[in-house]
């Protein structure tokens, strides 16, 4: 938890949950595990507000609690998780992925679950059906069964998972999830249970939800709705109380990783090879654990059979493609044996490491120029080089090479390694070698990314505050316009209203909107994402 | 190979290692040493690459803005109660007040939270919300599904909207009103249960 990460987490919490939760959250992030009273005292917040904020944080999975470390009598301790809060940055990407895979219904399901932290299935289905109905034309409404089918697809492919059962803290009672009879209640467990440890993690509850989404109407239909509601299902509980579902972030990250590898192959080689890699990844989706270094070996025969029908290539061509992929220096695919026409694996870890390295190189190129990038690439490949050797290999005149090296050194992208010849480390008898350590450099870049995002958020907040008056005025104008149009006004009235906002103001507004919208650019995320993946894989 | 340095760094700057080994020749023009922190906005020699703005990126941007906007309306956005600086007014008893500190506007599953975090749940206003925050309704024998006249329901709803759970002083009066409503067939028994529990816990804490 670096200072930059904590600052970014604070900003994200503030935007989504308000200042109170931000204060409590930052305090927890900086201070580690604490109990309720300590938090209230140290942040000077009234106890009730602290309780509320902790409820919100636990609901969204940002905070965990366990019984105190000093024995059974000590108060409950709360610990916030930086990583979980930083995932908020990727929420739009998760929602968009769900949309591409499962359509609008999937998108809304994931959005609802992300907004509420965790929800029961029946709750989700109802809310999503209502939202979908709201967007449809008059007279049509959304069936619950369609939403349920989208939900079950998401669960089958492991994008949604059950929340782990919670051992009742502070009492001797067992946890309250009715559908997990086999899980032993362990109130004194040392590690909090993960979602995966629950054997029923991906099992749908046996609930039949029949009905249609309700359209939100104006007040005169309210009684009718209430009567209808009573008759249908709200009067009885839906049978899945206590079973909460949350988004399985690791599965989404796996999906992004696969996408990154496929697009890298497509841009380096051609579309057909990327399809081959996509097929291989799809086949090993369920058999590969999340932190595996490479997928399970697949024989060329299997790959041939599972290729999508519109990519009908003949068997020898497939073999050629596979051998090309194996020989590629990026090492996406490796050959692990010869049975079954050749056993091939996708080298996940190597592929990610190479992608991260390529990102590093391009960052250096954009910031320092192509010659510095040449030096950087040289150092990456040759590992340790002396000053003189760098000049020779890079074919750059000595003075400039020196300059660039020292700039890179001052930015900490390149390190100096001393190798003494004698035990007394005399400077005249020591080798000084330049080197690049990939993992620490990647971490450094990641922290830079976090800092950039935090700066951008602050800038956006500043700009919004500065121009609040203008933004409010434009909002009011839009509202007036909309109401006029709805009541069928004449064009002259409309133009008159539009002219209320003068031309320079309009320009200013456009520029402002442009700036505000560009903040938190997605590029940062891509870079940050690669670095994150690489760091998490403990890359070589 | 290397290490052709001439001894212990005599001359301009005395450093712990031989600067020739790193490549600085004798009497060479070094850039001036930095005597202050780097400027806050240093001039950039290389301009950054333009942003990637495709259709996907636009959509995700719109998603993000919508998400942020939605979060502000959800009850998870905790707003501390602002104390009124004005004189206490009679209408305060019957008007909507801002969220107060000792109630929580949504109904979490208390079994998943430690006991010490439990606060009173504020009953959401009975408007036409599609926000279904489900409370586990206990099947009680006295729940009657009567044939309710529409006007009575309407009247009760407007009455309900006026009531609030504002301060602990009002609890008694509210409890009575809630009992009245119960007899007419309105639900939300949990509300009362939680109230009782919270009252007991508050009594316990006070003693």
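What percent do you get for the relative contact order of the stretch A:330-410 when only Cα pairs under 8 Å and 6+ apart count? Over the stretch A:330-410, the number comes to 17 percent. Estimated from the Cβ-Cβ distance and a Förster radius of 30 angstrom, the FRET efficiency linking residue A:370 and residue B:35 is about 0.40. Need the C-alpha centroid separation for the stretch A:66-89 versus the stretch A:368-446, integer Å. Each part's Cα centre sits 43 Å from the other's. The mean sequence distance of close C-alpha pairs (under 8 Å, at least 6 residues apart), as a share of the length of the stretch A:353-501, puts its relative contact order at 17 percent. The ranking of A:51, A:203, B:64 from fewest to most other beta carbons within 10 Å of each one's beta carbon is A:203, B:64, A:51. Remark: spin-label model distance residue A:266-residue A:459 equals 3.1 nm, labels positioned 7 Å along the Cα→Cβ axis. In the stretch A:3-87, the C-alpha radius of gyration followed by the widest Cα-Cα span (Dmax) gives 12.1, 37 angstrom. Is the C-alpha gyration tensor of the stretch A:271-312 telling us rounded, prolate or oblate? Criteria: a/c under 1.5 is rounded; beyond that, a/b larger than b/c is prolate, otherwise oblate. Judged from the Cα gyration tensor, the stretch A:271-312 comes out prolate (a/c at least 1.5, a/b above b/c). Oblate is the label for the stretch B:33-79, because a/c, from the alpha-carbon gyration tensor with a ≥ b ≥ c as root eigenvalues, is 1.5 or above and a/b does not exceed b/c.
Relative intensity of the stretch A:301-444 on a log10 scale, I(q)/I(0) at q = 0.08, 0.10, 0.12, 0.19 Å⁻¹, equals -0.37, -0.53, -0.67, -1.06, per a Debye sum over C-alpha point scatterers of equal strength in the absence of solvent. Remark on the stretch A:250-346: hydrodynamic radius 13.4 angstrom, per the Kirkwood mean of 1/r across alpha carbon pairs.
Across the stretch A:31-101, C-alpha contacts under 8 Å between residues 6 or more apart give a mean separation that, scaled by the residue count, equals a relative contact order of 31 percent.
Inter-part distance, the stretch A:321-335 to the stretch A:110-156, computed on C-alpha centroids, equals 43 Å.
Does the stretch A:325-405 come out rounded, prolate or oblate, given a ≥ b ≥ c as the square roots of the eigenvalues of its C-alpha gyration tensor, rounded meaning a/c under 1.5 and, failing that, prolate meaning a/b above b/c? Prolate is the answer for the stretch A:325-405, as a/c is 1.5 or above and a/b outweighs b/c. Ranked by how many other Cβ atoms sit within 10 Å of their own Cβ, fewest first, the residues A:470, A:445 fall in the order A:470, A:445.
Since every read-out is calculated from the coordinates, none of them should be taken as a lab result. Note that the structure is predicted; figures quoted are calculated from it, not measured. FYI the Cβ positions are ideal-geometry reconstructions off the backbone, even for glycines, and counts take in every protein chain you see.
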